[in-house]
Amino acid sequence: MRILVVEDDVNLNRQLVEALQEAGYVVDQAMDGEEGHFLGDTEPYDAVILDIGLPSMDGITVLEKWRAAARTMPVLILTARDRWSDKVAGIDAGADDYVTKPFHVEEVLARIRALIRRAAGHASSELACGPVRLDTKSSKVTLSGKALKLTSHEFRLLSYLMHHMGEVVSRTELVEHMYDQDFDRDSNTIEVFIGRLRKKIGLDMIETVRGLGYRIKAPDNVAG
């Protein structure tokens, strides 16, 4: 899953980025509203953390521009404790949730997980497909109850496919959501990771849809 952090406080930006990366997310960052707006308008994100008080362009304006351009990714806004009006303005502008400063990073991570699940139509932190269980909270995967050891790239790939279970996901979309903006993207690497995952979770679970991409089969179509 790929996250954008737009926060002008250098230390807070760094803390959020590091925590998200440790949790297995791919993270891009921006330090002002103009850069944040540009990235959110041109790159595909699974969620955005957006500060309200930004230089160059305030967070409310950034959010309004995204929504006006039909950018629908979930947005979590960061607001000051005594500025209740910012919360109202943010929700009215199209924010999906908010966190008040100061906050615990763990709360932000929990809310981001919830926003991504909600956007994908999942209520629980555990995604299940046949014998495979993926816990978005602990970032752990089990196969028939036994812990499965995956690399960070394998986990990101499986997580994205399971969040979009039953849907065909193109190689391009997978590349865009697995790597940050500065990564030298090569869609051929996706085939390598797909091959590794099939060996670990079963050959039949990930279906190749010729000319279109890949799909995790719906649970009732998977034996186990």
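Residues of region 60-87 that are surrounded by fewer than 14 Cβ atoms within 10 Å (Cβ to Cβ) and touching a Ser or Thr at 6+ places or on another chain (Cβ under 8 Å): 81 alone.
Within region 124-140, take every residue that is without any contact (Cβ under 8 Å) to a residue 40 or more places away in the chain and over 24 Å from residue 44 (Cβ atoms) and give me the one that is surrounded by the most Cβ atoms within 10 Å (Cβ to Cβ). Going through the qualifying residues, I end up with 133. For region 142-161, a residue qualifies if it is of a type outside the set (S, T, N, Q), without any contact (Cβ under 8 Å) to a residue 60 or more places away in the chain and within 21 Å of residue 21 (Cα to Cα), and the qualifying residues are 148, 149, 150, 153, 154, 157, 158, 161.
Checked against (1) of a type in the set (Val, Ile, Thr); (2) in contact with a Pro (Cβ under 8 Å, 6 or more places away or on another chain); (3) not in a strand (DSSP E or B), residue 60 passes all but condition (2). Looking across 193, 155, one residue alone is part of a helix (DSSP H, G or I), surrounded by 15 or more Cβ atoms within 10 Å (Cβ to Cβ), modelled with pLDDT of 90 or more and out of contact with any strand residue (DSSP E or B) (no Cβ under 9 Å at 6 or more places or on another chain). It is 193. Selection within region 66-91: residues that are part of a helix (DSSP H, G or I) and within 21 Å of the chain's Cα centre (by Cα). The member of this set that is nearest to residue 37 (Cα to Cα) is 66. Only residues that are open to solvent by less than 30 Å² (accessible area, probe 1.4 Å) and either free of Cβ contacts under 8 Å to residues at least 60 places away in the same chain or more than 21 Å from the chain's Cα centre (by Cα) (or both) were counted in region 40-59, giving 8.
Summed over region 40-53, the residues that are in a loop (DSSP other than H, G, I, E, B) and charged (D, E, K, R) give a count of 2.
Residue-wise test of (1) touching an Asp or Glu at 6+ places or on another chain (Cβ under 9 Å); (2) over 30 Å from residue 209 (Cβ atoms).
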residue: 74; (1), (2): yes, no
residue: 96; (1), (2): no, yes
residue: 125; (1), (2): yes, no
residue: 145; (1), (2): no, no
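Residue count for region 206-224 satisfying the condition of being open to solvent by less than 50 Å² (accessible area, probe 1.4 Å) and modelled with pLDDT under 90: 2. Going residue by residue through region 21-39, is there one that turns out to be in a loop (DSSP other than H, G, I, E, B), over 27 Å from residue 136 (Cα atoms) and touching a residue at least 40 places away in the same chain (Cβ under 8 Å)? Looking through region 21-39, none of the residues is in a loop (DSSP other than H, G, I, E, B), over 27 Å from residue 136 (Cα atoms) and touching a residue at least 40 places away in the same chain (Cβ under 8 Å). Taking first residues from region 196-214 that are in contact (Cβ under 8 Å) with a residue 24 or more places away in the chain and farther than 12 Å from residue 158 by Cβ and partners that are part of a loop (DSSP other than H, G, I, E, B) and hydroxyl-bearing (Ser, Thr, Tyr), the Cβ contacts under 9 Å between residues at least 6 apart in sequence or on separate chains come to 212/170; 213/170.
The values are calculated or read from the model by the stated rules, or taken from the named source; none is laboratory data. Please read these numbers as outputs of a predicted model, since none were measured by experiment. Quick reminder, even Gly has a Cβ in these numbers, built from the backbone with ideal geometry, and neighbours come from all protein chains shown. With ligands, DNA and RNA removed, areas are computed over all heavy atoms of the protein, side chains included. Shrake-Rupley method; radii C 1.70, N 1.55, O 1.52, S 1.80 Å.
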